[in-house]
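Everything below concerns the one structure shown next.
The values are calculated or read from the model by the stated rules, or taken from the named source; none is laboratory data. If you're wondering where the values come from, they're calculated on a predicted model, not measured in any experiment. Counting neighbours? That spans all protein chains shown, and the Cβs are built from the backbone with ideal geometry, glycine included.
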Amino acid sequence: MNEFNYDTYCGIYCGACSIMRACREGHKDRMAANYVEDSELKCHGCKTGTLFVNCAKCKIRDCAVSHKVEHCFECPEYPCRNINEHKSIEKILPHLTLNPKNLQAIKESGCSEWLAQQEQQWKCPDCQTPFSWYTAKCPNCGSDLSNNTFKLSLFKFAIFKFLLRFAR
């Protein structure tokens with residue numbers, strides 16, 4: 001499967017993912033540059049067969065697939081332990097704080113409308129170039145995006161990356 005899918009089970013918008021953007025466009029933002037080797041930059045989205053190594057091991061993804069739901073809020077166990085464990089890494093990966101709000105938007109407006117809104121949200125307001133959660137400056141026109149993105153603590157991220165080695 002070569003298509004990209006930006007929808008997820010947990011409410012993350014994959015279209016703003018540093019790994020997916022690097023896979024699709026070849027541009028590595030600060031997160032992707034500090035996270036993975038070029039050979040690992042492959043992901044077409046959580047709901048595809050081409051997954052980044054961490055996405056392939058995601059407990060939320062596995063749970064949603066086993067419960068046969070498209071989004072976590074459809075599960076009678078939501079919010080579950082997997083969702084709560086996911087919250088524990090929000091200080092390291094602050095884009096995860098968007099998940100509850102995004103799931104609510106999907107529930108209220110539908111997935112198609114939410115995807116269209118997210119696509120617009122994660123484009124440079126000046127030149128319409130897509131960007132990721134941690135891109136501080138537009139790779140196309142150089143506009144400051146820091147008010148629209150998250151700050152990545154490289155220290156916290158280095159610890160997270162180190163700990164992930166033991167989880168693999």
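Looking at the stretch 33-57, which of its residues are surrounded by 15 or more Cβ atoms within 10 Å (Cβ to Cβ), touching a residue at least 40 places away in the same chain (Cβ under 8 Å) and not in a loop (DSSP other than H, G, I, E, B)?
Answer for the stretch 33-57, where residues must be surrounded by 15 or more Cβ atoms within 10 Å (Cβ to Cβ), touching a residue at least 40 places away in the same chain (Cβ under 8 Å) and not in a loop (DSSP other than H, G, I, E, B): Asn34, Tyr35, Asn54.
Given the structure, is Arg61 at pLDDT below 95, outside any loop (DSSP other than H, G, I, E, B) and either in contact with a Lys or Arg (Cβ under 7 Å, 6 or more places away or on another chain) or not aliphatic (A, V, I, L, M) (or both)?
no
If I ask for residues that are in contact (Cβ under 8 Å) with a residue 40 or more places away in the chain and assigned to a helix (DSSP H, G or I), which ones from the stretch 66-103 would you list?
Scanning the stretch 66-103 gives Cys72, Ile83, His86, Pro94, His95, Leu96, Leu98, Asn99, Pro100, Lys101, Asn102, Leu103.
For the stretch 106-127, check the following and say yes or no: at least one residue is among the hydrophobic types (A, V, I, L, M, F, W, C), within 23 Å of Gly49 (Cβ to Cβ), out of contact with any helix residue (DSSP H, G or I) (no Cβ under 7 Å at 6 or more places or on another chain) and modelled with pLDDT of 95 or more.
yes
Take the residues of the stretch 2-19 that are touching a residue at least 40 places away in the same chain (Cβ under 8 Å) and part of a helix (DSSP H, G or I): which is surrounded by the most Cβ atoms within 10 Å (Cβ to Cβ)?
Only one residue tops the list, namely Ser18.
So which residues in the stretch 104-124 are in contact with a Ser or Thr (Cβ under 7 Å, 6 or more places away or on another chain) and assigned to a loop (DSSP other than H, G, I, E, B)?
Cys124
Tell me, which residue of the stretch 58-74 that is of a type in the set (Val, Ile, Thr) and surrounded by 15 or more Cβ atoms within 10 Å (Cβ to Cβ) is nearest to Gly45 (Cα to Cα)?
The selected residue is Ile60.
Can you find a residue that is of a type outside the set (A, V, I, L, M, F, W, C) and touching a strand residue (DSSP E or B) at 6+ places or on another chain (Cβ under 8 Å) anywhere in the stretch 41-62?
No, there is no match, as no residue in the stretch 41-62 is of a type outside the set (A, V, I, L, M, F, W, C) and touching a strand residue (DSSP E or B) at 6+ places or on another chain (Cβ under 8 Å).
With the structure loaded, tell me whether Ser132 is among the hydroxyl-bearing types (Ser, Thr, Tyr) and over 29 Å from Glu70 (Cα atoms) or whether it fails that test.
Criteria not met by Ser132.
Considering only the stretch 92-144, state which residues are closer than 11 Å to Gly11 by Cα and surrounded by fewer than 16 Cβ atoms within 10 Å (Cβ to Cβ).
Within the stretch 92-144, Thr97, Lys101, Gln104, Lys107, Cys111 meet the criteria.
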